[in-house]
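To start, the structure itself, in structure tokens.
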Amino acid sequence: MGIKIVSTGSYVPDRVLTNFDLEKIVDTSDEWITTRTGIRERRISEGETTSDMATEASLKALKGKNPDEIELIVVATATPDAFFPSTACKVQSKLENRKAVAFDISAACTGFIYALYTADSIMRSKGIKKALVIGAERFSKIVNWKDRTTCILFGDGAGAVVLKESEEEGILGFDLGADGSFGNLLYVPSVGSNEEYPFYVRMRGNEVFKVAVRTMVESAKRVLEKTSLSPKDIDLLIPHQANVRIINAVAERLGIEASKVFVNLDRYGNTSAASIPIALDEALRKGLVREGSTVLMVAFGGGFTWGSCVVRL
Ligand code: ACO
């Protein structure tokens, strides 16, 4: 038995916040943001909760199919609606599904790869036939809109994939890892800590940048080795959308040409766990990949965490 991504969906809020809008909020410029990050605009929730966005993305991924067939829902998010119930339980309820096992995964921007790994493993070991894996974030709620070093980076949105048991193998391999000793370079405290509210994103961007490039390259190389593939076999690289300079450095070091690298962070910024599933959905809709294409996804985030996955669509 194999597991395959059979359909995808995504949702972003209508409200666009451009770099020029940000110039009115903090001491920054469109020129600084564009050259340092590649981001031009991002979407900001106008009241949609993380589970609302996750549900919209899921409905699109389900493409009219009965949500009751879903036996497992895994949501990757660092910005859940509530401590509990999980965002996955809220999505289950909004989809009017009554049978899926449902839970959230916390691995910051690597969350979607961790969620895919978890769902894939559970499906194989427990014989589950159909699952929903979602990355959904409302980062606009946890950035300090007075801190120009972080508020310019993030956006809101959600992406979802339907995983199904299949005769052909669609999930070719993973490489995952974590190093908690870097935890203080990128984090959002919460009620279990001794830090005072408000709980905003704290990031030492420059230090994160260097580790991100090195770690993403190493992880991508390991997954290629595990799957006996070379960069030439990859039809599309979908890196986590944090910074176009990170993306270019990773692609260059892997020897993957720019035309095979998906970038949409100019329009959405960093949507954390949602960035890869939103990108995959867009790449499919734009016809950049299709059934049979081989896609390498690679992510890096708070923890530090990292993860890569090769899929055949
Ligand atoms: N506008 C104008 N100036 C700014 C801004 C801004 N928005 N932000 C910072 N600056 C200034 C700084 O104050 C600094 O000024 P100084 O030289 O006078 O001290 C200067 O610009 C350079 O700052 P750096 O932090 O060194 O800039 P850098 O080139 O590193 O870019 C950035 C910063 C974009 C944050 C980059 O470091 C980055 O992308 N880091 C990685 C982020 C990432 O990948 N995160 C992981 C995923 S996120 C997750 O897991 C939730």
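No lab work stands behind these numbers, since they all come straight from the coordinates. Everything numeric in this text was worked out from a predicted model, so none of it was measured. Virtual Cβ from ideal backbone geometry, glycine too; neighbours counted across all protein chains shown.
For the cross-link pairs LYS129/LYS260; LYS4/LYS232; LYS90/LYS146; LYS65/LYS260, which exceed 24 Å when the distance is taken from alpha carbon to alpha carbon?
Beyond 24 Å between Cα atoms: LYS129/LYS260; LYS90/LYS146; LYS65/LYS260.
Rank GLY301, TYR187, SER228 by how far each Cα sits towards the positive end of the charge dipole of the stretch 180-313 (+1 on Lys, Arg Cβ; -1 on Asp, Glu Cβ) and give me just the farthest.
The listed residue farthest towards the positive side: SER228.
How big is the dipole moment of the stretch 133-179 about its Cα centre under a simple scheme where the beta carbon of each Lys and Arg is +1, that of each Asp and Glu is -1, and everything else is neutral? Debye, nearest 20, please.
Dipole of the stretch 133-179, to the nearest 20 debye: 620 debye.
Identify all aspartates and glutamates with a Cα-Cα distance to LYS99 below 16 Å; exclude those on the same chain that are fewer than 8 residues away in sequence.
Cα-Cα hits under 16 Å: ASP68, GLU69, GLU71.
From the helices alone, meaning DSSP H stretches of at least four residues, give me the mean residue ellipticity at 222 nm for the chain, per-run term -39500 (n - 2.57), in deg cm²/dmol to the nearest 500.
-9500 deg cm²/dmol
Describe numerically, in nm with one decimal, the distance between label points set 7 Å from Cα along Cα→Cβ at LYS210 and at ASN66.
5.7
For the pair SER121/GLU252, report the inter-label distance in nm, with labels modelled 7 Å from Cα in the Cβ direction.
Taking the simple label geometry, SER121 and GLU252 are separated by 3.6 nm.
At 0.36 nm per residue, minus the direct Cα-Cα distance, what do MET1 and LYS129 gain on full extension? Give it in nm, one decimal, please.
Full extension of this stretch gives 45.1 nm more.
What is the set of long-range amide H partners of ALA76 at a cut-off below 5 Å, with H atoms built 1.01 Å from backbone N?
Under 5 Å from the amide H of ALA76: ILE105, ILE134, GLY135, ALA136.
Dipole of the chain, Cα-centred, from +1 at each Lys and Arg C-beta and -1 at each Asp and Glu C-beta, to the nearest 20 debye?
340
Two decimals is fine: what's Rg over Rh for the chain, C-alpha atoms, Kirkwood radius as Rh?
Value, to two decimals: 0.94.
Rounded to whole Å and sorted largest first, list the principal axis extents of the Cα atoms in the stretch 2-166.
54, 28, 28
Computed over the Cα atoms, what is the radius of gyration of the stretch 154-204 divided by 2.2 N^0.38 Å, N being its residue count?
That works out to 1.82 for the stretch 154-204.
If you place +1 on the Cβ of every Lys and Arg, -1 on the Cβ of every Asp and Glu, and leave all else neutral, what size is the dipole of the stretch 14-61 about its Cα centre, to the nearest 20 Debye?
So the magnitude is around 180 debye.
Would you mind computing, in nm to one decimal, how far apart the modelled labels at TRP32 and GLU46 are, each placed 7 Å from Cα along Cα→Cβ?
Roughly 2.9 nm, to one decimal.
Go ahead and run the numbers for FRET between GLU196 and GLU169, Cβ-Cβ distance against an R0 of 41 Å, rounding to 0.05.
Taking R0 as 41 Å, the efficiency between GLU196 and GLU169 is 0.25.
For the stretch 120-173, which trypsin sites (Lys or Arg not before Pro) are in a loop by DSSP, counting at most 13 other Cβ atoms within 10 Å?
LYS146
Enumerate by residue number the chymotrypsin sites (Phe, Trp or Tyr not before Pro) in the stretch 115-204 meeting two conditions: DSSP loop (anything except H, G, I, E, B), and at most 16 other Cβ atoms within 10 Å of the site's Cβ.
Passing both the DSSP loop test and the Cβ count: TRP145, PHE199.
If a/c stays under 1.5 just call it rounded; otherwise compare a/b with b/c (prolate if a/b is bigger, oblate if not). Do that for the stretch 177-313, with a ≥ b ≥ c from the square roots of the Cα gyration tensor eigenvalues.
It is prolate, given that a/c is not under 1.5 and a/b is the larger ratio.
Just name one of SER106, VAL208, LEU132: the one whose Cα is farthest towards the positive end of the charge dipole of the chain (beta-carbon charges, Lys/Arg +1, Asp/Glu -1).
Selected residue: LEU132.
Just to confirm a number: summing +1 for Lys and Arg and -1 for Asp and Glu over residues other than THR77 whose beta-carbon lies under 13 angstrom from that of THR77, what do you get?
Here the charged neighbours net out to -2.
How about the stretch 204-290: which trypsin sites (Lys or Arg not before Pro) there lie in a loop by DSSP and see at most 14 other Cβ atoms within 10 Å?
ARG204, LYS286, ARG290
Out of VAL101, VAL74, VAL250, any idea which swings most in a Gaussian network model of the chain, alpha carbons joined below 10 Å?
The residue with the greatest mean-square fluctuation here is VAL101.
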